[in-house]
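A.B. asks: One structure, as structure tokens, below. Some questions next.
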Amino acid sequence: MPSMVPEPYRIKAVEPIRLTTRAEREAILANAGYNIFFVKSEDVYIDLLTDSGTSAMSDAQWAGLMVGDEAYACCRNYDRLKDVISDIFGFCYFLPTHQGRAAEKVLFSAAVKAGDYVPSNSHFDTTRANIEAVGGHAVDFLISEGLVPTSQHAFKGNMDVKRLNRFIEDVGAQRIPLAMLTITNNFGGGQPVSLANIRTVKEVLSQHGIPLFIDACRYAENVYFIKQREAGYGNKTTLEVAREIFSYADGCTMSAKKDGLVNIGGFLAMNDERLYQQASQLLILWEGFLTYGGLAGRDLEAMARGLREALDEKYLQHRIGQVRYLAERLLEQGVPIVEPPGGHAVYLDARRFVPHIPQAELPGQALVAHLYLEGGIRAVEIGSVAFARKDEKTGEWTYPELELVRLAIPRRVYTQTHLDYVADVIIELYHKRDQIRGMRYTYEPPFLRHFTARFEFV
Ligand code: P70
């Protein structure tokens, strides 16, 4: 199979983008305190900050907006969404939310109490923060291969079941109200979880009566990897694989801003009626009535249609192929990335890209700054700025194992020519990597540092 198939769509509306000059970008970035989050979207040429909420909707989705039923209660779009969710995910109950983290907040507030533990393969930062916000502890049991950028393991997002088992025996099942699996694993490179792993995790949890929830935001991409890589699934449809995944779960949280192909939206789904009732109360308090949950009727319709489109095998083949294409162009030139490439992004391995910059001098952030200066490309640091922890008493830093820069590919937005441009810029930067200097903070906020910190070059 060629590494990239042509787009399975043609372009009906275009949005102009503009490449600024090097001098303009130098001024813009300095003005933003070298924090890419403060650069205006119109000053970015290729925006790879996130694949979340940045998808291009289809003509069918745009048409769906016009049949939005904006009644406060029981709008028709709720019913359509309900049918789609029950068809794909199969859970008894669901609650719409405005995005993924709202589903997390409702779930953990209803299910987790202070001192509880929630194990996962790898919690995303909003899930971790929402668990900690109710006094719980979020713990990760990713397989060790998941932390090795060059490991070719086919399912680097898998959970280490032995460690999970030991942990349950150590702390006791009564302190673990639920466990989670993030599919695909965003922090470790967009790596998938195998069906065998999901099944085994479910078996272990069942022995202890612990429910399993899936953080499903990139589940369709995970489905595609299972079809490609796991024996026995190649001939199944994407829908069949998705149904099998969720058959092992007791519920899920979903940011539909990813594999729902919408700009805003999410949901929480589950089988347990009591949990549903508790969550319903919180939803009304924080999001809105049960049939709209913080969204307009038209948003529900766009989500219902987008969820179906994201399971289209031709779409997924192109989507995953795009990510792989960019990865292969970089690998050909020896650019260090997380291998094999994941589902939604290519992750540069900053430790190997700029080995002369110690983690204390924020190599990932330095790379992010240079990608913008060189080519107007916006990426995001997933390394020391996002995750290093400072001991409040000693002032000493503990640095994360992985120092990555994520190039997230928005769905259905950029063409192969855009990706070639991105590859060319990165390859050129790689050839003069010796000139890249480290960075330090000029302003260091107390938490969620990466969003508001300011920097300068060392
Ligand atoms: C991303 C965004 C969101 C996310 C996720 C997983 C596995 C839940 C959520 C929350 C966040 C982001 C990061 C950097 C820059 C911009 C945006 N991920 N679970 O890009 O969903 O955002 O809808 O509340 O990845 O990875 P929501």
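A.B. asks: Checking the condition under 24 Å from the mean Cα position of the chain (by Cα) and not charged (D, E, K, R), which residue from 66, 57 passes?
C.D. replies: Every option except 57 fails the conditions.
A.B. asks: A further question on this structure: Out of the residues in segment 122-136 that are closer than 20 Å to residue 185 by Cα and small (Gly, Ala, Ser), state the one that is surrounded by the most Cβ atoms within 10 Å (Cβ to Cβ).
C.D. replies: It comes out as 122.
A.B. asks: I'd like the full set of residues that are within 16 Å of the ligand (Cβ to nearest atom) and closer than 17 Å to residue 322 by Cβ, limited to segment 6-48.
C.D. replies: Initially, segment 6-48 is screened for residues within 16 Å of the ligand (Cβ to nearest atom), giving 32, 35-41, 44, 46-48.
46, 47, 48, listed by residue number.
A.B. asks: Among the residues of segment 341-397, which ones are open to solvent by 20 Å² or more (accessible area, probe 1.4 Å) and either in contact with a Ser or Thr (Cβ under 7 Å, 6 or more places away or on another chain) or modelled with pLDDT of 95 or more (or both)? Explain how you work it out, then say what you get.
C.D. replies: At the first step, the residues of segment 341-397 found to be open to solvent by 20 Å² or more (accessible area, probe 1.4 Å) are 341, 351-352, 355-356, 358-361, 370, 374, 386-387, 389-397.
Within segment 341-397, 341, 351, 352, 355, 356, 358, 359, 360, 361, 370, 374, 389 qualify.
A.B. asks: Looking at (1) hydrophobic (A, V, I, L, M, F, W, C); (2) surrounded by 24 or more Cβ atoms within 10 Å (Cβ to Cβ); (3) farther than 26 Å from residue 190 by Cα, find the lone condition where residue 296 falls short.
C.D. replies: With respect to (1) hydrophobic (A, V, I, L, M, F, W, C); (2) surrounded by 24 or more Cβ atoms within 10 Å (Cβ to Cβ); (3) farther than 26 Å from residue 190 by Cα, residue 296 is out only on (2).
A.B. asks: Does residue 108 satisfy the criteria of being assigned to a strand (DSSP E or B) and among the aromatic types (Phe, Trp, Tyr)? So that I can check it myself, show each step before the final result.
C.D. replies: On the way: assigned to a strand (DSSP E or B): no; among the aromatic types (Phe, Trp, Tyr): yes.
Spelling it out, it is not the case that residue 108 is assigned to a strand (DSSP E or B) and among the aromatic types (Phe, Trp, Tyr).
A.B. asks: Please enumerate the residues belonging to segment 176-208 that are of a type outside the set (A, V, I, L, M), at pLDDT 95 or above and either crowded, with 24+ Cβ neighbours inside 10 Å or within 23 Å of the chain's Cα centre (by Cα) (or both). Outline the logic, then answer.
C.D. replies: The first filter runs over segment 176-208 and keeps only residues of a type outside the set (A, V, I, L, M), leaving 177, 182, 184-192, 194, 197, 199-200, 202-203, 206-208.
Filter once more, so that each one left must be at pLDDT 95 or above: 177, 182, 184-185, 190-192, 194, 197, 199-200, 202-203, 206-208.
Across segment 176-208, the qualifying residues are 182, 184, 185, 190, 191, 192, 194, 197, 199, 202.
A.B. asks: Considering segment 56-74 alone, what residues qualify as being surrounded by 16 or more Cβ atoms within 10 Å (Cβ to Cβ) and small (Gly, Ala, Ser)?
C.D. replies: Scanning segment 56-74 gives 56, 58, 64, 68.
A.B. asks: Only residues that are within 22 Å of the chain's Cα centre (by Cα), farther than 30 Å from residue 15 by Cβ, open to solvent by 20 Å² or more (accessible area, probe 1.4 Å) and among the charged types (D, E, K, R): list them for segment 398-444, please.
C.D. replies: 401
A.B. asks: Does segment 33-48 hold any residues that are open to solvent by 30 Å² or more (accessible area, probe 1.4 Å) and part of a loop (DSSP other than H, G, I, E, B), and which are they?
C.D. replies: Passing the criteria: 34, 40, 45.
A.B. asks: Grab the helices (runs of 4 or more DSSP H) fully contained in segment 112-215, keeping just those with 3 or more residues being within 16 Å of the ligand (Cβ to nearest atom). First the steps, then the outcome.
C.D. replies: Values: elements: 125-133, 161-171, 195-207.
Qualifying helices (runs of 4 or more DSSP H): 125-133.
A.B. asks: Now a separate question. Taking residue 320 as meeting all but one of (1) touching a helix residue (DSSP H, G or I) at 6+ places or on another chain (Cβ under 6 Å); (2) part of a loop (DSSP other than H, G, I, E, B), write down the number of the exception.
C.D. replies: Here residue 320 clears every test but (2).
A.B. asks: Take residues that are within 16 Å of the ligand (Cβ to nearest atom) and tell me which of the strands (runs of 3 or more DSSP E) falling wholly in segment 384-458 contain 3 or more. Even if it seems obvious, please write down each step before you answer.
C.D. replies: Details: elements: 404-408, 439-443, 454-457.
Result: 404-408.
Yes/no per residue for (1) closer than 16 Å to residue 81 by Cβ; (2) within 16 Å of the ligand (Cβ to nearest atom); (3) assigned to a helix (DSSP H, G or I):
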{"site": "245", "(1), (2), (3)": "no, yes, yes"}
{"site": "249", "(1), (2), (3)": "no, yes, no"}
{"site": "254", "(1), (2), (3)": "yes, yes, no"}
{"site": "260", "(1), (2), (3)": "yes, yes, no"}
{"site": "264", "(1), (2), (3)": "yes, yes, no"}
{"site": "268", "(1), (2), (3)": "yes, yes, no"}
{"site": "283", "(1), (2), (3)": "yes, yes, yes"}
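The values are calculated or read from the model by the stated rules, or taken from the named source; none is laboratory data. Only a predicted model underlies this, so the values are computations on that prediction, with no experimental measurement involved. Please note: Cβ atoms are built from the backbone with ideal geometry, for glycine as well, and neighbour counts cover all protein chains shown. SASA here: full protein model, heavy atoms, side chains in, ligands and nucleic acids out. Shrake-Rupley method; radii C 1.70, N 1.55, O 1.52, S 1.80 Å.
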